[in-house]
Amino acid sequence: MITIVSGLPRSGTSLMMQMLAAGGVPILTDGERQSDTDNPRGYLEWERSKQLPKDPECIAEAEGKVVKVISQLLLSLPSGREYRVIFMQRPLPEVMKSQEEMLRRRGTFDPAADSSPIEQAFRRHLIAVNQWLTSKPNVAVLRVAYHRALREPKATAEAVTEFLKVPLNIDAMASEVDQNL
């Protein structure tokens with residue numbers, strides 16, 4: 001079994017990874033992407049996941065662990081394995097605003113650029129990913145609303161624990177939620 005945390009960028013995937021790590025789930029991360037102003041507790045990413053389209057079998061390294069895989073790469077998962085996907089959901093306008101703020105801090109935001117084509121592409125992408133997720137018999141999905149995780153961290157941790165069917169430290173998971181972030 002491979003557990004995957006996924007969603008659009010800036011949808012709460014790092015928060016969920018932090019919760020799972022605190023709860024006692026082994027995580028697959030290389031530490032290559034360091035924490036920064038945009039994510040002060042870290043991203044907990046595995047760079048090799050970006051190779052899934054070219055090397056889908058690299059996901060075997062995540063067996064028995066949790067790994068973050070951006071939603072665009074889910075479609076490259078090989079079919080011969082069982083997956084549990086925790087899919088983070090955040091309202092698209094908030095995702096877009098968070099992306100813009102991050103780009104602004106990095107000095108790469110173009111205020112004259114029209115973001116509506118990107119937003120439309122994200123909408124189409126989410127439809128395709130959701131269709132893919134529901135069509136795969138080897139993929140179980142738990143959709144976690146970002147705002148519910150913030151409002152009800154303990155209930156979210158309990159739902160994740162039930163979904164994964166493993167004993168986790170629910171209080172430790174809930175304590176990872178910082179309303180100031």
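The values are calculated or read from the model by the stated rules, or taken from the named source; none is laboratory data. This structure is a prediction, so every number in the text was calculated from the model and none was measured. Please note: Cβ atoms are built from the backbone with ideal geometry, for glycine as well, and neighbour counts cover all protein chains shown.
I need a count of the residues in the range 78-108 that are at pLDDT 80 or above and over 15 Å from the mean Cα position of the chain (by Cα).
Qualifying residue count, the range 78-108: 7.
Identify the residue in the range 132-154 that is closer than 16 Å to Gly7 by Cβ and of a type outside the set (A, V, I, L, M, F, W, C) and, among all such residues, is surrounded by the fewest Cβ atoms within 10 Å (Cβ to Cβ).
Thr134
Can you pull out every residue in the range 137-154 that is over 15 Å from Met88 (Cα atoms) and not in a loop (DSSP other than H, G, I, E, B)?
Across the range 137-154, the qualifying residues are Val139, Lys154.
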